[in-house]
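Reading through the structure tokens given below for one structure.
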Amino acid sequence: MKPKKIFFVLAALFALNFTSHAAFVIAPQSSVSKNEAVDNSHLSYKDQIRVAQMKTFISLTPEQYGKLRGEKLNFFGRMAFRLSQHRMKQMLKSNDYGDGPTTFDKIGWLLKGLLLGPIALILGYIFLKDDDRELIKWIWFGFIGFAALFVAFLLAF
């Protein structure tokens with residue numbers, strides 16, 4: 001085999017091994033009580049259970065997680081576990097604070113409204129889901145800027 005092919009195969013095996021350890025999160029539903037899931041009343045009961053499971057998962061140590069899985073985690077398993085914990089912490093953080101669209105999303109849609117005008121409005125109403133409806137306001141701000149620039153351009157000639 002050529003060295004490039006060997007390197008590609010080893011890189012692919014490494015990536016698959018690294019991601020497969022974090023693919024299965026063990027948090028039995030019986031370990032989560034209804035009282036733990038009450039703090040997110042805007043979520044459905046099923047989502048509240050998932051949030052409580054995620055909180056349980058991020059509080060585990062790699063040793064505890066290895067005992068739950070029934071095997072000791074190797075180096076890559078610990079790295080994947082920490083990465084999964086980090087991702088879950090970020091998901092919980094956005095859930096706890098009720099974060100909607102980020103500032104970059106808002107600026108992006110404002111610029112789209114400013115540059116594309118009515119096309120951005122149509123695209124926003126078609127493609128933005130109910131969770132992202134706040135972005136429609138930013139498209140309208142951009143559209144107002146687009147209209148102002150258009151009128152200024154017409155008055156200049």
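The values are calculated or read from the model by the stated rules, or taken from the named source; none is laboratory data. Quantities reported herein were computed from a predicted structural model and do not represent experimental measurements. Here the Cβ positions follow ideal geometry from the backbone for every residue, glycine too, while neighbour counts run over all protein chains shown.
Per-residue answers, yes or no, for (1) at pLDDT 90 or above; (2) more than 17 Å from Leu60 (Cα to Cα); (3) polar (S, T, N, Q); (4) not assigned by TED's automatic domain parsing to the domain that holds Ala11:
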residue: Asn74; (1), (2), (3), (4): yes, no, yes, no
residue: Ser84; (1), (2), (3), (4): no, no, yes, no
residue: Met91; (1), (2), (3), (4): no, no, no, no
residue: Phe127; (1), (2), (3), (4): no, yes, no, yes
residue: Arg133; (1), (2), (3), (4): no, yes, no, yes
residue: Gly145; (1), (2), (3), (4): yes, yes, no, yes
residue: Phe150; (1), (2), (3), (4): yes, yes, no, yes
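Here is a yes/no grid of residues against (1) touching a residue at least 40 places away in the same chain (Cβ under 8 Å); (2) on the phi > 0 side of the Ramachandran plot; (3) part of a loop (DSSP other than H, G, I, E, B); (4) touching a strand residue (DSSP E or B) at 6+ places or on another chain (Cβ under 6 Å):
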residue	(1), (2), (3), (4)
Thr56	no, no, no, no
Glu63	no, no, no, no
Leu68	yes, no, no, no
Lys72	no, no, yes, no
Arg78	no, no, no, no
Phe81	yes, no, no, no
Ser84	yes, no, no, no
Arg87	no, no, no, no
Leu92	yes, no, no, no
Original post:
Of the residues that sit in segment 32-45 and are exposed (fewer than 10 other Cβ atoms within 10 Å of the Cβ) and not hydroxyl-bearing (Ser, Thr, Tyr), which one is modelled with the lowest pLDDT?
Top reply: Asn35
